[in-house]
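Here's the structure we're looking at; comments come further down.
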Amino acid sequence: MHTAAPAPAPAPMPDRADAAAIPHRHETFAEGLALDCGTRLRPLTVAYRTYGALNDARSNAILICHALTGDQYVAETHPVTGKPGWWEVMVGPGRPIDTTRFFVICANVLGGCMGSSGPPAEMTDAEGKPQGRPWGTLFPPVTIRDMVRAQAMLIERLGIPKLFAVIGGSMGGMQVLEWAALYPTRVFAAMPIATAAWHSAQNIAFHEIGRQAIGADPGFHGGEYWRHGTTPARGLAVARMTAHITYLSEEALTRKFGRRLRTGPMLTFDNDLFEVESYLQHQGSTFVQRFDANSYLTITRAMDFFDLAAEHGGSLGNAFRASPVRFCVISFSSDWLFPTAMSREIVRALNAAAANVSFVEITSDKGHDAFLLDEPDLFRTVSGFLRGAAEHWR
Amino acid sequence: MAEGLVALRTGRPLSDRLDLRLIAEMVAPRTRVLDIGCDDGALLEILVHEKGVDGRGIEIDMGKVTEAVAQGLSVIHADADTDLAFYPDDAFDYVILSRTLQATERPREVLAQMLRIGRRAIVSFPNFGHWRVRLALLTTGRMPRTRALDRPWYDTPNIHLCTISDFFALCAEEGYVVERWLGVDDQGRRTPWRKNRRLANLFAEQGLFLLRRR
């Protein structure tokens, strides 16, 4: 066991503060949102981005739902990291989700840290009066259903009576399923990708490791790090590192890094650093620059709470009874975080409800992250499904 | 390749399978149809775009599923032997199984599932009673290889072969009503022996049946 693996580089502190200072396009709802936990969040702020143009019939709107650590910057340079949007391979002019045809909307989830109501935002009281401090750990627990209700308010505000499609991967896919279950007449087509109708014990277990790492960071201060001018950067980085492993596959890690050393051509048992370690440390340290620890806790909890079958009397089929929505369920062969078996559960429930469903398992060795990457079969499936759905739009 | 059989929208050649035409003729317009073992969706394409059918497909070969979904068809990756159980009763007007029955693990159960989830079932299969099959076995003493059955015995997915007469017998045993049936030749055309079961059993390369529950 070597001891010299350097800790993840502590994040430069001001970065997250800079992120908080960025103005995000948003809508505010003074009436707020009644959450599943019983609290009314008032006002509700939903930060979002749009691409393409809404047609006169208002029939070409596609809502993209982002994953745990994603945000609304789908197809443009990210304002904090300066990197390309997280789904530019999928969304843009001439892409499978073609912004010359579709009006694409993506909102930062409730509980997030890119401008929507969430832990880093200013706390408000029951009347909506600002309290002069961030919510922090006092931000109420939210659910995937709460996130979807907030998105539905935004879609209504934008004057869109019915979405042509709702599309998302991972936690985004959970929102897609919730959309179809909650608003079956307000969404025509639904594409849940690399997701599940409930979070499994293994999924929850990995999240708990991340949460424990954050909580154990001396900079966390019980979640009141904003009061102390610190961030639990180290804990958040470890959470990200753990999670990142679950997004990849053994094959992908072997292909990318194998046992290669960063520090030299051969093992010396002294200060050796495997390339995979260095990669994970980089993933951890860049993540803390753009993400808030309390948001991470809030959103991972929302995913853990998610169980669409439980919301419908224990039967997933009930969630989609007589659903008019056209579904396309997609999984990836090497995804062990949201394995194909979980997508198959969704498909079987949809069949039991006699819903219109397509289901493809894409062969890929890239693990859960495959939905974000260059996968030609994924692109063909998405564009083909959208084309087929467009023929039946009503 | 048969002439004229191209997809209306994509212009791709539909299939060299004229028997798909014969199946499509059995399906009433604007009904709900499930095509089991739908391959790349050639039949669904005809049904959806020419008959206004609400068509779904299931297929076990993932490459074919991707192909069909990329064509805009509603197709899922599933196994006829296990996944039909998840559909509710009477979910479809027709459940179609073309040239796949002989490749299922439990053909009798698959047929029963088809007539549970659908009001009618359309089934086609290669006829093992065809004279060439009989002659090949008789003269060579080896497992017959024909155009419809072109793989060696150790490498064939066709594990439950039957003749047209066998199929009539099974329908009688299970209490299914044969509403229509056809003998089909190797080009996928109706054979002139379609009125006579014994002749069809000898001369038809495929049998095509429209069944319903009693």
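What is the ratio of the Cα radius of gyration of region A:282-338 to 2.2 N^0.38 Å, with N the residue count, to two decimals? Don't skip to the answer; put the middle values down first.
Numbers: Rg = 16.8 Å, N = 57, 2.2 N^0.38 = 10.2 Å.
Here the answer is 1.64, to two decimals.
Could you check which residue among A:108, A:271, A:294 shows the biggest mean-square fluctuation in a GNM of chain A with a 10 Å Cα cutoff?
It is A:271.
For the pair residue A:131 and residue B:189, how long in nm is the line joining their label points, each one 7 Å along Cα→Cβ?
Going from the residue A:131 label point to the residue B:189 one covers 8.3 nm.
Mind pulling the angle between the C-alpha long axis of helix B:42-51 and the longest principal axis of chain B? Nearest 10 degrees, somewhere in 0 to 90.
50 degrees
Share of Cα-Cα pairs in region B:96-165 beyond 19 Å, in percent? It would help to have the intermediate numbers written out before the result.
Numbers: 903 of 2415 pairs.
Tail fraction, whole percent: 37.
In Å and from the alpha-carbon atoms only, list the Rg and Dmax of region B:9-124.
Both quantities, over Cα of region B:9-124: 12.9, 38 Å.
Can you list residues from other chains, or at least 5 along the same chain, whose modelled amide H is less than 5 Å from the amide H of residue A:359?
It is A:329, B:75, B:76, B:77, by chain and number.
If you average 1/r over every pair of different alpha-carbon atoms in chain B and take one over that average, what Kirkwood value in Å do you get? Mind dumping the intermediate values first?
Numbers: mean 1/r = 0.0571 Å⁻¹.
In chain B this quantity evaluates to 17.5 Å.
By how many degrees, between 0 and 90 and to the nearest 10, does the Cα long axis of helix B:164-174 differ from the longest principal axis of chain B?
With rounding to tens, the tilt is 60 degrees.
Let me confirm one metric for peptide B:60-72, namely the mean number of other chain beta-carbon atoms within 10 Å of its residues' beta-carbons. If you can, show how the numbers build up before the last one.
Working: counts 0, 0, 6, 2, 0, 5, 12, 5, 5, 12, 12, 5, 11.
Across B:60-72, the average partner-chain Cβ count within 10 Å equals 6.
Which loop trypsin sites (Lys or Arg not before Pro) in region B:95-158, with loop taken from DSSP, have no more than 11 other Cβ atoms within 10 angstrom of their Cβ? Don't skip to the answer; put the middle values down first.
Working: sites: B:99, B:108, B:116, B:119, B:120, B:132, B:134, B:142, B:145, B:147; in loops: B:99, B:142, B:145, B:147.
Qualifying residues, ordered by number: B:142, B:147.
About its Cα centre, how strong a charge dipole does the protein assembly as shown have in debye, to the nearest 20, once Lys and Arg get +1 and Asp and Glu get -1 at the Cβ? Mind showing how you got there, number by number?
Details: 66 positive and 68 negative charges, 354 e Å.
Taking the Cα centre of the protein assembly as shown as origin, the dipole is about 1700 debye.
Under a point spin-label approximation (7 Å from Cα along Cα-to-Cβ), what is the residue A:205-residue A:88 distance to one decimal in nm?
Rounded to a tenth, the inter-label distance reads 3.8 nm.
Please compute, for the alpha-carbon atoms of region A:326-372, the extent along each of the three principal axes and give them in descending order in Å.
Computed over region A:326-372, the largest-to-smallest principal extents equal 32, 16, 14 Å.
Whole Å is fine, so just give me how far the alpha carbon centre of region A:268-298 lies from that of region A:223-245.
Region A:268-298 and region A:223-245 have Cα centres spaced 11 Å from each other.
Can you give the Rg/Rh ratio of region A:97-161, where Rg is from the C-alpha atoms and Rh is the Kirkwood radius?
Working: Rg = 14.4 Å, Rh = 13.5 Å.
Computed over Cα atoms, the ratio is 1.07.
At 37 °C and 0.692 mPa s, grab the translational diffusion coefficient of region A:354-394 from Stokes-Einstein with a Kirkwood Rh over Cα pairs, rounded to a whole number in µm² per second.
Details: Rh = 11.7 Å.
For the chosen part, D equals 280 µm²/s.
Determine the relative contact order of region A:300-361: mean sequence separation of Cα pairs under 8 Å and six or more apart, normalised by residue count, in whole percent. Before the final figure, lay out each step's value.
Numbers: 74 pairs, mean separation 22.6, N = 62.
In percent, rounded to a whole number, it is 36.
How much of the calculated P(r) for the protein assembly as shown lies past 42 Å, in percent of all Cα pairs? If you can, show how the numbers build up before the last one.
Details: 62024 of 184528 pairs.
Above the 42 Å cut-off, the protein assembly as shown has 34 percent of its Cα pairs.
Checking understanding here: applying a Kyte-Doolittle mean of at least 1.0 and a length along the axis of at least 30 Å (C-alpha), which whole DSSP H helices in chain A pass? Could the numbers behind the result be given before it?
Numbers: long enough: none.
Span-like helices, by this rule, are absent here.
Compute and list, largest first, the equivalent-ellipsoid semi-axes of region A:13-108 from the alpha carbon gyration tensor, each √(5λ) rounded to a whole angstrom. Don't skip to the end; give the middle numbers.
Details: eigenvalues 125, 85, 26 Å².
They are 25, 21, 11 Å, listed largest first.
Considering only DSSP beta bridges whose two residues both sit in the protein assembly as shown, what percent are antiparallel, to the nearest 5?
Working: 31 of 78 bridges.
Bridges in the protein assembly as shown are about 40 percent antiparallel.
Which one of A:278, A:170, A:364 has the biggest mean-square fluctuation once chain A is modelled by GNM with Cα springs under 10 Å?
Most flexible of the set in this elastic network: A:278.
Just tell me which lysines come within less than 24 Å, Cα to Cα, of residue A:83; anything on the same chain fewer than 8 places away is out.
A:256, A:366
Given a 10 angstrom Cα cut-off, can you work out which residue in A:199, A:312, A:207 is the most mobile in a GNM of chain A?
A:312
Give the percent of DSSP beta bridges with both residues in region B:18-213 that are antiparallel, rounded to the nearest 5. Each step should come with its number before you reach the end.
Values: 16 of 36 bridges.
Percentage antiparallel, nearest 5: 45.
To test your reading of the geometry: what angle, between 0 and 90 degrees and rounded to tens, separates the Cα axis of helix B:107-117 from the longest principal axis of chain B?
It is inclined by approximately 30 degrees.
Averaging over every viewing direction, what projected area does the convex hull of the Cα atoms of region B:72-137 cover, in nm²? Let's see the in-between values first.
Details: hull surface 23.7 nm².
Here the figure is 5.9 nm², rounded to one decimal.
Hey, could you grab the Kirkwood Rh for region A:150-266? Inverse mean 1/r over distinct alpha carbon pairs, Å, one decimal.
Working: mean 1/r = 0.0563 Å⁻¹.
Its Kirkwood hydrodynamic radius stands at 17.8 Å.
So between residue B:213 and residue B:28, what do we pick up on full extension, going 0.36 nm a residue minus the alpha carbon distance?
Working: separation 185, 0.36 × 185 = 66.60 nm, distance 1.75 nm.
Working it through step by step, the gained length comes to 64.9 nm.
Where does region A:36-187 land on Rg/Rh, using Cα atoms and the Kirkwood Rh? Kindly include the intermediate steps, with their values, before the conclusion.
Numbers: Rg = 15.6 Å, Rh = 15.9 Å.
So for region A:36-187, dividing Rg by the Kirkwood Rh gives 0.98.
Note down the relative contact order for region A:203-302 as a percent, whole number, built from C-alpha pairs under 8 angstrom at least six residues apart. Don't jump to the answer; show the numbers that get you there.
Details: 97 pairs, mean separation 27.8, N = 100.
Over region A:203-302, the number comes to 28 percent.
Between residue B:140 and residue A:78, what is the label-to-label distance in nm when each label sits 7 Å out along the Cα-to-Cβ direction?
Going by the 7 Å Cα→Cβ label model, 6.3 nm.
How big is the Cα convex hull of region A:163-212 in projection, averaged over all directions, in nm²? It would help to have the intermediate numbers written out before the result.
Details: hull surface 14.6 nm².
The Cα convex hull of region A:163-212, projected and averaged over all directions, gives 3.7 nm².
Before rounding to the nearest 500, sum -39500 (n - 2.57) across all DSSP H runs of length at least 4 in chain A and divide by the residue total; then give [θ] at 222 nm in deg cm²/dmol. Can you show the working numbers first?
Numbers: 12 runs with 139 residues, N = 394.
Calculated from helices alone, the mean residue ellipticity at 222 nm is -11000 deg cm²/dmol.
State, in angstrom, two size descriptors of region A:131-210 derived from its alpha carbons: Rg to one decimal place and Dmax to the nearest whole number.
Spelled out, the Cα radius of gyration and Dmax of region A:131-210 are 15.0, 42 Å.
Could you work out Rg/(2.2 N^0.38 Å) for region A:203-302, with Rg from alpha carbons only? Walk me through the numbers before you get to the answer.
On the way: Rg = 15.4 Å, N = 100, 2.2 N^0.38 = 12.7 Å.
That ratio works out to 1.22.
For region A:325-336, in order, what is each residue's ³J(HN,Hα) by Karplus, 6.51 cos²θ - 1.76 cosθ + 1.60 with θ = phi - 60°, in whole Hz (x at glycine and Pro)?
6, 8, 10, 9, 9, 10, 10, 10, 4, 9, 7, 9
Using only alpha carbon pairs under 8 Å that are at least six residues apart, calculate the relative contact order of chain B and give it in whole percent. Write out the running numbers ahead of the final one.
Numbers: 415 pairs, mean separation 36.9, N = 214.
It comes to 17 percent, rounded to a whole number.
Any read-out appearing in this document is the output of simple, stated calculations on the displayed coordinates, not a laboratory observation. This one's a predicted model, so the numbers in the text were calculated from it and none came from an experiment. Because the Cβ atoms are built from the backbone with ideal geometry, glycine has one as well, and the counts that use them run over all protein chains shown.
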